[in-house]
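Please read the structure below before turning to the comments.
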2 protein chains.
Amino acid sequence: MRNLHHSRDNKHSRCGPPSGRMLGFIQPWLLLLLSEESAHGYQLLDKLNQNEDTRGIDPGFLYRTLRQFEEDGLVKSSWDMEGRGPARRVYEVTADGIEYLHSWVGHIRSNRARLGRFLETYESCFG
Amino acid sequence: MRNLHHSRDNKHSRCGPPSGRMLGFIQPWLLLLLSEESAHGYQLLDKLNQNEDTRGIDPGFLYRTLRQFEEDGLVKSSWDMEGRGPARRVYEVTADGIEYLHSWVGHIRSNRARLGRFLETYESCFG
DNA sequence: TCTAATATATGAGTTAGTCATATAGATGAG
DNA sequence: CTCATCTATATGACTAACTCATATATTAGA
């Protein structure tokens, strides 16, 4: 054991200690936020940081993800030169993006159910 | 878009399409199964393949994970030479392993809750 | 004796996400 | 005016967590 109890001071282990964020969790949030209203990266970064569940995302990851979304046709972007500060690249979700979000939600539901089944088995063994 | 709807025929995308397994999901199952009863790798592989939620795991990954668990003190192993076929390395969970499983479950619960909160937000926007 | 099942293991590659850092325009303090 | 800071986007290098392919050895059965 040693440091394994505590999340991040553990350099050698490859067995995925209970810490860190779930993978592939930010992306559906991005599409969902963009479904509510179009926004630029920095704005999305702000919104994600206001939600405890999505806090602390790496900006580099966010911007790259948005560009990838655009390459995949899930969003499209345009420059907003108005207002103060440097130009913003404003993202808008496409019909494909919304469709994709819907299918993503299906997988989220089934993953949630899977976690539930694990917990049931756990509880029938302990507690 | 294009192939993005369908899980795996998608070479370029980095945005995590709704497909594939959740990361870090097999490991708590391993500790849980070993809490129920000690077993060797091949046996665990069998049990995982009988559960739809954990089916299809890579044997190499399983064996490496078990060795890592042992290095971290979560399990301990001994050789079983009896019976037919080649020798089996039998794993037994340790007290640390069980403690670790409990803390893992805490994170699983909170991840499940997070998915729930995402779905709530999604449903308040669509459906 | 050849094939298949049981059993464990390693090397190489991929993917997703992190960390560090670069760049640049706008704004306010002194 | 100029320097620091905020806003905003972006890239390079790295790492962690798997996946894929393959190696190896023992035993059982056709």
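The values are calculated or read from the model by the stated rules, or taken from the named source; none is laboratory data. Everything numeric in this text was worked out from a predicted model, so none of it was measured. With ideal geometry, Cβ positions are generated from the backbone for all residues, glycine too; neighbour counts draw on all protein chains shown. SASA here: full protein model, heavy atoms, side chains in, ligands and nucleic acids out. Shrake-Rupley method; radii C 1.70, N 1.55, O 1.52, S 1.80 Å.
Only loop residues by DSSP count here, and only those with at most 11 other Cβ atoms within 10 Å; note down the GluC sites (Glu not before Pro) in the range A:19-55 that meet that.
A:E37
What distance in nm separates the simple spin-label points at A:R84 and B:R117, each placed 7 Å from Cα in the Cβ direction?
Output for this residue pair reads 3.2 nm.
Leaving out ligands, DNA and RNA but keeping every protein chain, what accessible area does A:H40 have, in Å² rounded to the nearest 10, with a 1.4 Å probe?
40 Å²
Rounded to the nearest 10 Å², what accessible area does B:I98 have for a 1.4 Å probe in the complete protein model?
Near enough 50 Å² of accessible area.
Hand me the trypsin sites (Lys or Arg not before Pro) from the range A:51-110 located in a DSSP loop with no more than 11 other Cβ atoms within 10 Å, in residue order please.
A:R55, A:R84
Given Cα pairs under 8 Å that are at least 6 residues apart, what percent is the relative contact order of the range A:23-125?
With pairs under 8 Å counted, the relative contact order is 29 percent.
Tell me the distances, shortest first, between B:D46 and the same position across the other copies, using label points 7 Å along Cα→Cβ, in nm to one decimal.
Here B:D46 shows inter-copy label distances of 5.9 nm.
What is the minimum Cβ-to-axis distance for chain B, in whole Å, where the axis maps B onto A, and to which residue does it belong?
Taking Cβ atoms only, the nearest residue and its distance are B:L23, 2.
Could you pull the accessible area for A:D80 with a 1.4 Å probe, rounded to 10 Å²?
Estimated to the nearest 10 Å², A:D80 gives 50 Å².
Hey, with R₀ at 25 Å, roughly what FRET efficiency would A:R21 and A:H102 work out to, going by the Cβ-Cβ distance, to 0.05?
0.65
Would you mind giving the total buried accessible surface between chains B and A, with a 1.4 Å probe and ligands, DNA and RNA left out, rounded to the nearest 100 Å²?
The buried area between B and A, both sides summed, comes to about 5400 Å².
What nm distances, shortest first, do you get from the label point of A:G83 to those in the other copies when the point sits 7 angstrom along Cα to Cβ?
Values, ascending and in nm: 6.4.
In square angstrom, what is the accessible area per residue of the range B:55-115 with a 1.4 angstrom probe?
56 Å²
What is the mean number of Cβ atoms from other protein chains located within 10 Å of the Cβ atom of each residue in peptide A:22-28, rounded to a whole number?
The shielding value for this peptide is 6.
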